[in-house]
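The values are calculated or read from the model by the stated rules, or taken from the named source; none is laboratory data. No experiment lies behind these values; they were computed from the predicted model shown. Note: ideal-geometry Cβ built from the backbone for every residue, glycine included; neighbour counts use all protein chains shown. In case anyone asks, the SASA skips ligands and DNA or RNA and just uses the protein heavy atoms, side chains included. Shrake-Rupley method; radii C 1.70, N 1.55, O 1.52, S 1.80 Å.
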Amino acid sequence: MFTERKVRKLAKEANRYIAQAKREMAKSPALFPGAEKQAVEAAIAALQAAIERRVPNDILEALKEAKSRVDRHLPIYRKSLVREYVEVIVVALVLALFIRTFIVQAFKIPSGSMIPTLRVGDHILVNKFIYGIPIPFTDRKIPLSKPERGDIVVFKFPNNPSIDYIKRVVGLPGDTIEVRGDDLYINGELAAKTRDGTFRFEDPRGYPQTSEMYIENLTGRKHPVLYDKNALRGGDQVQKVPSGHYFCMGDNRDHSNDSRYWGFVPESYLRGEAMVIYFSWPPGQLLRFGKIIR
């Protein structure tokens, strides 16, 4: 049963088809010779009359006849349907490219350097908008905010910008970072950590590892870190973070290739801040879906 609202919708569709048919006939008159043109015009006139009578079945029949007449020479409906699909696909691609470039991007964790916070196989979303609006085809951004100590950031690896790394920001521009064994000092103050048991995991090669887990406090930002009691650590080091750069470390401290070894991360190399785990594999990690990254 047709309601008045459905009749109005049907009439609107019919009027739209009439306008489209008239445009196409005017654009390609050679496709509608002699009597055929008259037959099409008669079908359109019958459709207009049915619309004025506002009888739904009459409109449907007249619309079907008009489409049949016109489509013999110019399949407007099929062309418009294809065009609509193409437009939807193009808009979706442009929107996806815009979102990926300026707002959010997906990354997969390939290594164990951020265990236990992030594990191999975690798929994460990164907020690319938080630190600034990227300027396409450059390393520059329109600045919005600065990374804070404790943020987990994705950045271009300074020694090979074609590779993306993910680490935690430990040192800000102007900070003095000291690493003494398994102790971390920021501007002369020890980053306190409390023991939180042990953590067992498999490294990327599949070998089981057991590390001591601590909760580290980076001036108010608490997060877990791992230390391998069997690790051979290098000598103590003191580094001052230059302006416009950041000192980044992995949470799996004895199994992380980070600023202790290759230096500082330029601000222009920052891609964004890790937000959430949207998928994780293998199956034992599926429960990590939807986990907020801190």
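Listing for the model above:
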quantity	calculated
Strands (runs of 3 or more DSSP E) lying entirely in the stretch 91-174 (those with 1 or more residues that are small (Gly, Ala, Ser), touching a Lys or Arg at 6+ places or on another chain (Cβ under 9 Å) and at positive phi)	132-134
Hits in the stretch 134-154 (condition: open to solvent by 50 Å² or more (accessible area, probe 1.4 Å) and among the aliphatic types (A, V, I, L, M))	ILE135, ILE142, LEU144
Conditions (1) farther than 23 Å from SER111 by Cα; (2) assigned to a loop (DSSP other than H, G, I, E, B); number of the one not met by ILE177	(2)
Residues (open to solvent by 60 Å² or more (accessible area, probe 1.4 Å), at pLDDT 80 or above, in a helix (DSSP H, G or I) and not hydrophobic (A, V, I, L, M, F, W, C)) located in the stretch 20-57	LYS22, ARG23, LYS37, GLN38, GLU41, GLN48, GLU52, ARG53, ASN57
Residue within the stretch 237-245 that is assigned to a strand (DSSP E or B), in contact with a helix residue (DSSP H, G or I) (Cβ under 9 Å, 6 or more places away or on another chain) and over 17 Å from VAL170 (Cα atoms) present	no
Residue in the stretch 255-274 that is of a type in the set (Asp, Glu), closer than 20 Å to ASP151 by Cα and part of a strand (DSSP E or B) present	yes
Hits in the stretch 116-133 (condition: of a type in the set (A, V, I, L, M) and at pLDDT below 95)	VAL120, ILE130, ILE133
Which listed residue, of ARG72, ARG78, is open to solvent by 80 Å² or more (accessible area, probe 1.4 Å), over 44 Å from the mean Cα position of the chain (by Cα) and at pLDDT below 85	ARG72
Answer residue from the stretch 267-294, given it is charged (D, E, K, R) and either closer than 18 Å to LYS167 by Cβ or in contact (Cβ under 8 Å) with a residue 60 or more places away in the chain (or both) and is most open to solvent (accessible area, probe 1.4 Å) among those	ARG294
Selection from the stretch 184-207 of residues that are farther than 18 Å from VAL241 by Cα and either in contact with a strand residue (DSSP E or B) (Cβ under 9 Å, 6 or more places away or on another chain) or assigned to a strand (DSSP E or B) (or both)	ALA192, LYS193, THR194, ARG195, ASP196, GLY197, THR198, PHE199, ARG200, PHE201, GLU202, ASP203
Odd one out for PRO173 among (1) in contact with a Pro (Cβ under 9 Å, 6 or more places away or on another chain); (2) at pLDDT below 95; (3) surrounded by fewer than 17 Cβ atoms within 10 Å (Cβ to Cβ)	(2)
Members of the stretch 198-255 that are open to solvent by 40 Å² or more (accessible area, probe 1.4 Å), β-branched (Val, Ile, Thr) and in contact (Cβ under 8 Å) with a residue 60 or more places away in the chain	THR219, VAL238
Given (1) open to solvent by less than 70 Å² (accessible area, probe 1.4 Å); (2) in contact (Cβ under 8 Å) with a residue 60 or more places away in the chain, number of the condition PHE129 does not satisfy	(1)
Identity of the residue in the stretch 257-266, open to solvent by 10 Å² or more (accessible area, probe 1.4 Å) and in contact (Cβ under 8 Å) with a residue 24 or more places away in the chain, that ends up nearest to ILE109 (Cα to Cα)	ASN257
